[in-house]
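Here the structure is laid out as structure tokens; the discussion comes afterwards.
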Amino acid sequence: MEQTNEKKLGFLSYLRSELDVVGQCRKIRVPLWQCPRLLFIGMGMVIILAIVFTYFFVVIRTEPEIAALIVMMVAGFLMVQSYLILFATENLAETNRLKNEFINITSHQLRSPLTASKWALELVLESAKDLPPEAQENFRIIEDSNARMGKLVYLLLQVARIEANTLKQHKRDVSFAETVQATVDQNKFFVKASNIELEFIPSKEDFEVNFDPEQLRFIIQEILDNAIRYSGGGKIKISYVRANSNILFEIKDSGVGIPKDEQKNIFQKFYRGSNIYTLSPGGTGLSLFIIKKMLEANGGKIGFKSTTGEGSIFWFTIPLINNSSKKIIQNKNQV
Amino acid sequence: MKKILFVEDEQALQRTISEALHREGFEVLNAIDGDSGARLAKTEKPDMILLDLILPRRSGFDVLKELKETEETKDIPVIVLTNLESPADVDRAIELGATTYLVKANYDLSDIVKKVKMAIGTK
């Protein structure tokens, strides 16, 4: 019943937004005289008015020449309006093309110098063992800042690609168990440094998913990173199981939680909860937005339950490949 | 000493990779555009080629195509090292005969060296 009401409300709000023609035109940022939606409605109205007007005119004045002239004038007007619609559509297509080009150029031009400095630092750090500790520490700071900048560029590029509907995916069959295990291992130091007890319960089966491996790693890493960052100590529990034809991944933390009135915004881009700034002032509010889009592009879903002061449970699902799984022997891990 | 040709127009990247490969005992030849890359590949016959795709004068795709169509270079393994990452670019490079396709930003320098060693068969 509640679900039906939600669907009705969703449909009504969709209808309201569709009927708000001016709002829709503003959304795509074109002048009203170039807005295809408004011009289309205008064209329809002109056609109706022209038919009605011609009918009455012919009833009063019976000259066929006058009627033909009116029809020609209306046809001319419609042609001009059609041209405007065409012009506006071409304009939008061109803007879209330029945006995609910009993303590609930015991707290359921003990432190249970042990669160069990352690799140069790697070389320096390899031979920096004899340097004083302060100098080594400074190099580490440069390395961390470079990594953060690299991540920021990656996040912004993903957002731009999502918005341009050009999110790139190099899909292949990936072991879910191996990806989770590798991510957990990679975070052991961060977990320990954050004074967190991490309980990881791998499934007894391994599951294969058809997913971009980089994106799968990103999703698990970011969800785990959020749990660590916003736990402020405490406990994190990770598990995954088969749920019908999907894999269900779950991560439970005992962190600050998300205030109830803010929960609806959590997957919006740049959104950050009001109670997390002190725990992690440097976040971007982009990860969950990107994760949701990446999962949805692969038939997956994401959701959460959260109580302020008690913690959150974030979960996501990914469809399994032909429901296939293989048994693995692995015990409960405690980090 | 195994010889590697690195075709890359960005000097900073060229310098870092060359140094890392030198440290591992490789001889590294550098080319800064597509034309000189293709020419050096034919005259020097390296054991492996690291090839960027966005290059001055001639694109990496053109160079790769030519190398794979030329008798004396067609068997040299080519690792594409680029920041282009669209599936279409990856497919095109692999179809043209690239051994491996690596997106620079996704790898550490040590990973690149490992990939080179694997491709050249020295690991």
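The values are calculated or read from the model by the stated rules, or taken from the named source; none is laboratory data. Keep in mind it's a predicted model, so treat the numbers as computed, not measured. No Cβ is skipped: glycine too gets one built from the backbone with ideal geometry, and neighbour counts run over all protein chains shown. The area values use the complete protein model at the heavy-atom level, side chains included, leaving out ligands, DNA and RNA. Shrake-Rupley method; radii C 1.70, N 1.55, O 1.52, S 1.80 Å.
When A:Asn244, A:Asn265 are checked against the criterion of being free of Cβ contacts under 8 Å to residues at least 12 places away in the same chain and under 19 Å from A:Leu320 (Cβ atoms), A:Asn244 stands alone in meeting it. Considered as a group, the residues in region A:159-206 that are charged (D, E, K, R) and either in a strand (DSSP E or B) or touching a His at 6+ places or on another chain (Cβ under 7 Å) (or both) include one that is nearest to A:Leu98 (Cα to Cα), and that residue is A:Arg172.
A residue that is within 22 Å of A:Thr115 (Cβ to Cβ), within 14 Å of another protein chain (Cβ to nearest Cβ), in a loop (DSSP other than H, G, I, E, B) and without any contact (Cβ under 8 Å) to a residue 60 or more places away in the chain can be found somewhere in region B:95-109.
Rundown of residues vs (1) modelled with pLDDT of 80 or more; (2) within 19 Å of A:Thr89 (Cβ to Cβ), yes/no style:
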{"residue": "A:Arg26", "(1), (2)": "no, yes"}
{"residue": "A:Val58", "(1), (2)": "no, no"}
{"residue": "A:Glu63", "(1), (2)": "no, no"}
{"residue": "A:Val74", "(1), (2)": "yes, no"}
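The single condition among (1) assigned to a helix (DSSP H, G or I); (2) at the interface with chain B (Cβ under 8 Å from one of its Cβ atoms); (3) under 24 Å from the mean Cα position of the chain (by Cα) that A:Ile105 does not meet is (2).
Of everything in region B:70-114 that is open to solvent by 20 Å² or more (accessible area, probe 1.4 Å) and touching a Ser or Thr at 6+ places or on another chain (Cβ under 6 Å), the residue that is nearest to B:Lys42 (Cα to Cα) is B:Pro77. Looking at the structure I just gave you, is A:Ala120 open to solvent by less than 80 Å² (accessible area, probe 1.4 Å) and more than 9 Å from every other protein chain (Cβ to nearest Cβ)? Answer is no for this residue. Those helices (runs of 4 or more DSSP H) of region B:1-69 in which at least 3 residues are among the charged types (D, E, K, R), away from chain A (no Cβ under 14 Å) and surrounded by fewer than 18 Cβ atoms within 10 Å (Cβ to Cβ), considering only elements entirely within it, cover B:34-44, B:60-69. Look through region A:74-94, keep the residues that are under 35 Å from the mean Cα position of the chain (by Cα) and β-branched (Val, Ile, Thr), and return whichever of them is surrounded by the most Cβ atoms within 10 Å (Cβ to Cβ). Filtering region A:74-94 for residues that are under 35 Å from the mean Cα position of the chain (by Cα) and β-branched (Val, Ile, Thr), the one surrounded by the most Cβ atoms within 10 Å (Cβ to Cβ) comes out as A:Ile85. In the condition set (1) within 28 Å of the chain's Cα centre (by Cα); (2) of a type in the set (A, V, I, L, M, F, W, C); (3) crowded, with 20+ Cβ neighbours inside 10 Å, A:Ile196 is compliant with all but (1). Of the residues making up region A:207-242, those that are open to solvent by 10 Å² or more (accessible area, probe 1.4 Å), polar (S, T, N, Q) and closer than 19 Å to A:Leu152 by Cβ are A:Gln221, A:Asn226.
Exactly one residue out of A:Lys151, A:Lys129 is within 23 Å of the chain's Cα centre (by Cα), outside the structural domain of A:Ile236 (by the TED database) and either surrounded by fewer than 13 Cβ atoms within 10 Å (Cβ to Cβ) or closer than 28 Å to B:Arg15 by Cα (or both), and it is A:Lys151.
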